[in-house]
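The values are calculated or read from the model by the stated rules, or taken from the named source; none is laboratory data. Computed from a predicted structure; not experimentally measured. Positions of Cβ are generated from backbone atoms using ideal geometry, with glycine treated the same way; all protein chains shown enter the neighbour counts.
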Amino acid sequence: MADDRVDADGTLFVCVVTHVFVHVYSIMYTALLPVFINEFQLSLFESGLLASIPLIVSVTFSFPYVLFADKINPKKSIALCLFMSAFSGLALTFAKDFISLVVLLTLIQLSSIIYHPLALTIVSELTPTQRRSRALGIHGAGGTAGVAIGPVTL
């Protein structure tokens, strides 16, 4: 029984750290908007699109995604999410124009959508009922921490 709790706590820790990083990357670009405006000579309208399009695509994708999220392997999907974030973040440093910025920032946002339902499944299934609310709260706090530190990490 104690080993099960250690395994669950370790998995929760990994999920929380992952959640922090998912949100660090998904919010960091808002702090970079002035840099993008300057470097790519974006108009105010284009910068608004740069801030909105990834989120609009993300919301549009999230509704159909959650319909079949239970049929997906959570661990592999979380690995895909982290790979998408890392790849998109690295590729973003090589962006040459507005379109490439939008596409790569959208991929970062989509990785966040892939992460959430599956991580919540993992946390819920590994945590005993009497500790589930606390575990989900800790997991949520990790995401909030990522949102808070994302812009500062630049």
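What to note about this one:
- If you go through region 132-150 and keep only what is free of Cβ contacts under 8 Å to residues at least 40 places away in the same chain and more than 20 Å from SER85 (Cβ to Cβ), you end up with ARG132, SER133, ARG134, LEU136, GLY137.
- Selection within region 55-103 - in a helix (DSSP H, G or I), of a type in the set (A, V, I, L, M), at pLDDT below 90 and over 10 Å from ILE113 (Cβ atoms): LEU67, ILE78, ALA79, LEU80, LEU82, ALA86
- Residue in region 104-124 that is loosely packed, with under 15 Cβ neighbours inside 10 Å, part of a helix (DSSP H, G or I) and in contact with a helix residue (DSSP H, G or I) (Cβ under 8 Å, 6 or more places away or on another chain) present: yes
- Among (1) more than 15 Å from VAL20 (Cα to Cα); (2) surrounded by 11 or more Cβ atoms within 10 Å (Cβ to Cβ), the one test that LYS96 misses: (2)
- Among all residues of region 13-34, there is at least one that is farther than 21 Å from PHE87 by Cα and not hydrophobic (A, V, I, L, M, F, W, C).
- Of the criteria (1) surrounded by 13 or more Cβ atoms within 10 Å (Cβ to Cβ); (2) within 18 Å of TYR25 (Cβ to Cβ), which one PHE83 fails: (1)
- Selection of region 2-55 for residues being among the small types (Gly, Ala, Ser), in contact with a Ser or Thr (Cβ under 6 Å, 6 or more places away or on another chain) and surrounded by fewer than 20 Cβ atoms within 10 Å (Cβ to Cβ) yields only ALA8.
- For region 108-120, the criterion of a residue being touching a residue at least 60 places away in the same chain (Cβ under 8 Å), in contact with a Leu (Cβ under 7 Å, 6 or more places away or on another chain) and not charged (D, E, K, R) is satisfied by at least one position.
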